[in-house]
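The values are calculated or read from the model by the stated rules, or taken from the named source; none is laboratory data. Not measured: the values here are computed from a predicted model. Note that each Cβ is placed from the backbone with ideal geometry, even for glycine, and that neighbours are counted across all protein chains shown. Calculation scope for accessible area: heavy atoms of the full protein, side chains included, ligands and nucleic acids excluded. Shrake-Rupley method; radii C 1.70, N 1.55, O 1.52, S 1.80 Å.
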Amino acid sequence: MRKQSSVETLSTNDFKNNSFNWLLYARYVRGENTLCLELVDRLQQDADNKHRYAHYIKGAMLADAGRLQEAVEKYHSCIRLQPRDPDPLKQVAKCLYKQGRTQLALEAYLEAEKISKHPDPDVYCGLASCAASISDPRDVSWARAALSAGGGERAASLLAARLLARGDTKDALAVYEHAVSEYSCGADTLSAAGALCLRTGLPRRAFQLLGEALSQQPTQHAAALALAAMLLQHRDEDAALARLKAALTAHPDCVAAHSDLGLALFSKKKFIAALWCCLRASWAAPLSAAAAHNAGLVLLASRRPASAFCRLASAAALNPRDAYTVLLIALSLERVGDGRADAAFDRACELAPHDALVRINCGGRHARVGRLEHAAREAGVVARLLEDQPDAHLASSLATLMALLTEAGITIQVTEPDETYTAREELASDEV
């Protein structure tokens, strides 16, 4: 109230001399919208609606309120008063980009680049974002220019994203490392860098970056999901559950968080809660193959093979090349006594002939239906695969299978897996 009364006592000459831009800016950044609008109106009234900075501030307030078209009109008023100023033109481009008018935004950024007196990283970052939307997302020229002009964290994130679109993971990782070491990065950049480290086989560095992201923003769901995945791999279900619950607090409708929470509860043998989380993820994203796969897995473990088959069939329709989904379909069909289980097991082996988990399940199927010679051959193949990729759980299952086959008088020989698996039964055109 004190500042409002001081504005009312200002002289007309002071307004004409633009001596209160500082007060206009201060009220805008402090969020004093009512006082700011009153000052804008007073300035425009006194300056015959030609106060350029008042137009600029009102445009910023309208843009913050989501009234983008009105903000564009205010920025155009600034441009008419001073055509050589690139700042209003940049704001026009930002509003157009938010409206989805990407081509017009690109033209506005190009015009701002022409009249800029020095390389502007904001302009180059805007050009990189627009070019990625309407042309080639793998073009890195504008993003590199933004980084060279001092664009900092934003430019580095854009450049890394463009490099990943080109498949250049090594350079993208180097850009993220440079950004983390040179700039004070936010939680989004740290989580993206951590997720990339996790995908490239650097779990320690990923854990460090994801931890930094969560220390800055505990509800950063991307970092929480990636860190929860790491914790689940290391069998730390309680810590993973805590991270996933934090992610769901910030984003209650996050499908990936619900699905991962269901898997974490499933690993703790809490089948009812796990089933509810996986089904909720599947309902929220009916076109997600991963969500349908996880729901089918939990249903199968809960001894509901018919319901599991329905979910798994949906997942296979969305991603027919996933061998594990087809394997779970085969197990579901076997448990309901359907004769098409053999064809499903053969299809899973066709998709992943060098996967020990798939082959040992196929061997178990042969043994259960009395095809002991085929089971012995699959056991030999699994034994050879486990020599290259040891797995204690699969080795225990293989030992059990081999012991049963030996009791039945079947000789087992370690054999190399075929490059291609030949199915014993052809599938119909409408079957997976």
| query | Roughly how many whole Å is it from the C-alpha centroid of the stretch 106-165 to that of the stretch 290-355? | reply | 46 Å
| Between 0 and 90°, nearest 10: helix 187-199 axis offset from the chain longest Cα axis | 30 degrees
| request: List the relative contact order of the chain as a percent without decimals, with contacts defined as Cα pairs under 8 Å and 6+ residues apart. | output: 5 percent
| request: Distance check, please: which entries in 74/114; 58/114; 74/94 exceed 19 angstrom between their Cα atoms? | output: 74/114; 58/114
| said: On C-alpha positions alone, give me the angle between the axis of helix 86-98 and the longest principal axis of the chain, in degrees, nearest 10. | reply: 40 degrees
| said: If every alpha-carbon in the stretch 43-134 counts as one equal scatterer, what log10 I(q)/I(0) does Debye give at q = 0.16, 0.18, 0.25, 0.26 1/Å? | reply: -0.61, -0.76, -1.24, -1.29
| field | Dimensionless Rg ratio for the stretch 75-129, taking C-alpha atoms and the 2.2 N^0.38 Å reference | value | 1.02
| task | Name the most mobile residue of 176, 124, 28, meaning the one with the largest mean-square fluctuation, in a Gaussian network model of the chain with Cα contacts below 10 Å. | result | 28
| said: Cut-off 10 angstrom, C-alpha nodes, Gaussian network model of the chain. Which of 179, 187, 356 fluctuates the most? | reply: 356
| remark: Expressed per residue, the solvent accessible area of the chain in Å² (1.4 Å probe) is about 52 Å²
| said: Below 8 Å, C-alpha to C-alpha, sequence gap of six or more: please give me the relative contact order for the stretch 183-225 in percent. | reply: 44 percent
| What translational diffusion coefficient, in µm²/s and rounded to a whole number, does the Stokes-Einstein relation yield for the stretch 171-310 at 4 °C and a viscosity of 1.567 mPa s, taking the hydrodynamic radius as the Kirkwood radius over Cα pairs? | 83 µm²/s
| For residue 81 and residue 350 in the same chain, what is the full-extension length gain: residue separation times 0.36 nm, less their Cα-Cα distance, in nm? | 89.8 nm
| request: Leaving ligands, DNA and RNA out of it, rank 67, 243, 365 by accessible area with a 1.4 Å probe, largest first. | output: 67, 243, 365
| request: Specify which labelled value, from (i) 62, 23, 20; (ii) 53, 23, 21; (iii) 39, 24, 22, agrees with semi-axes √(5λ) of the Cα gyration tensor in Å derived from the coordinates of the model shown. | output: (i)
| So how exposed is residue 234, as accessible area in Å² (1.4 Å probe, rounded to 10)? | 130 Å²
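Compute the FRET efficiency between residue 200 and residue 134 as 1/(1 + (r/R0)^6), taking r as their Cβ-Cβ distance and R0 = 30 Å, and round to the nearest 0.05.
0.50
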| remark: In whole Hz, the Karplus estimates of ³J(HN,Hα) for the stretch 310-324 (6.51, -1.76, 1.60; θ = phi - 60°; x where Gly or Pro) are 4, 5, 5, 5, 5, 5, 5, 5, 7, 9, x, 9, 7, 5, 5
| query | How far is the Cα center of the stretch 364-413 from the Cα center of the stretch 65-92, in Å? | reply | 73 Å
| Accessible area of the chain belonging to carbon and sulfur atoms, whole % at 1.4 Å probe | 51 percent
| message | If I histogram all Cα-Cα distances within the stretch 120-188 using bins 10 Å wide from 0, what percent of pairs lands in each bin? | response | 25, 55, 20, 0
| task | Give the ranking of 184, 397 by solvent-accessible surface, highest area first, calculated with a 1.4 Å probe. | result | 184, 397
| request: Could you grab the relative contact order for the stretch 291-334? Cα pairs under 8 Å, six or more apart, rounded to a whole percent. | output: 40 percent
| note | Rounded to whole angstroms and listed largest first, the alpha-carbon spread of the stretch 71-181 along its three principal axes comes to 48, 26, 19
